[in-house]
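Beneath this line is the structure, given in C-alpha cells, with notes to follow.
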Amino acid sequence: MANALYDSARELFLEGGITWTTDTIKACLVDTAIYTVNLSSHQYLGTAGVVAAIVGGANGRSSAFASKTATGGAADAADITFSAISGASIEAIIIYRDSGVDNTSQLIAYIDTATGLPITPNGGDIIVTWDNGINKIFRL
C-alpha cells in the first residue's frame, strides 16, 4: 500500500466538511497485523477497527496538530511526538479529524511509506517529522 487519503475524506474536503486549518486533527500509530486499510469503505476511527490496532494505548494517539497550514493544496503541521511508546511493531500512521468520539472521528490519511517505518517501539518517544518538501504531510 502507498500513502493515500481515505475516499470519504476526499469527499469531505471537496464539500467543505473538513477544514484542515481549524478542525482538530490528530494521528495514531498503527499495527497493520491488526488493521487492514480499506480506503474506499473505512470512514471512522472506531467503526473501521483502527482503535484495536493503535500501538501504545492512549499514548499512541497524538495531541491536536499545531501550526497547521494548507498552502498550495498541501496539508502541513508541526512535527508531533508520541511519548513512551511500547507494544507491537508500528507499520502505519493514520491521520484523522477528532470529534471526541471514536465512532465519528473521520479518517483522513493512511501513511505506511515513510522514513522510519516500520518501527519497533522500545518504551521511548517516537517523533514524527513531516516532510518539508512540496507535498508536506499530503497534497490534495
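Quick notes on this structure:
- Stretchable slack from Ala52 to Thr36, in nm (0.36 nm times residue separation minus alpha-carbon distance): 4.6 nm
- Projected area, mean over directions - the stretch 18-101, Cα convex hull, nm²: 5.9 nm²
- Charge context of Thr120, other residues only, Cβ under 13 angstrom, K/R +1, D/E -1: -2
- Across Ile34, Ile134, Ile93, the residue with the most accessible area heads the list, and the full order at a 1.4 Å probe is Ile134, Ile34, Ile93.
- Solvent-free Debye scattering, log10 I(q)/I(0), computed from the Cα coordinates of the stretch 57-136 at q = 0.11, 0.15 Å⁻¹: -0.31, -0.59
- Under Stokes-Einstein, with the Kirkwood radius over Cα pairs as Rh, the value for the chain at 4 °C and 1.567 mPa s is 87 µm²/s.
- Net charge of neighbours whose Cβ lies under 10 Å from the Cβ of Trp20, counting Lys and Arg as +1 and Asp and Glu as -1: 0
- If you take all other residues with their beta carbon under 13 Å from the beta carbon of Tyr110, and give Lys and Arg +1 and Asp and Glu -1, the sum is -2.
- Helix-derived mean residue ellipticity, 222 nm - over the chain, DSSP H n ≥ 4, -39500 (n - 2.57), to 500: -2000 deg cm²/dmol
- Remark: the stretch 130-139, residue by residue, has Karplus-estimated 3J(HN,Hα) of 6, 4, 9, x, 5, 8, 6, 6, 7, 10 Hz, where x stands for each Gly or Pro and the curve is 6.51 cos²θ - 1.76 cosθ + 1.60 at θ = phi - 60°.
- With all protein chains modelled, accessible area of Ser62 [1.4 Å, Å²]: 10 Å²
- Here the gap between Ser89 and Asp131, fully extended at 0.36 nm per residue and compared with their Cα-Cα distance, gives a gain of 12.9 nm.
- Rough spin-label spacing in nm, given labels placed 7 Å along Cα→Cβ, for Thr24 and Ala78: 1.7 nm
- Residue ranges 119-129, 43-53 sort as 43-53, 119-129 when ordered by packing (mean number of other C-beta atoms within 10 Å per residue, highest first).
- The fraction of all Cα pairs in the stretch 1-60 landing in successive 10 Å bins from 0 to the largest distance is 20, 49, 29, 2, given as whole percents.
- For Thr69, the amide hydrogen comes within under 5 Å of the amide hydrogens of Asp76, Ala77, counting only partners 5 or more places away or on other chains and with H modelled in the peptide plane.
- Our coupling estimate for the stretch 29-38, obtained by passing each phi through the Karplus curve with A = 6.51, B = -1.76, C = 1.60 and θ = phi - 60°, is 8, 10, 8, 6, 6, 9, 10, 10, 5, 9 Hz, Gly and Pro reported as x.
The values are calculated or read from the model by the stated rules, or taken from the named source; none is laboratory data. Computed from a predicted model, the values in this text were never measured in an experiment. Methodologically, a virtual Cβ is constructed for each residue, glycine included, from the backbone with ideal geometry; neighbour enumeration extends over all protein chains shown. Accessible surface is based on the protein model in full, side chains and every heavy atom, while ligands, DNA and RNA are left aside. Shrake-Rupley method; radii C 1.70, N 1.55, O 1.52, S 1.80 Å.
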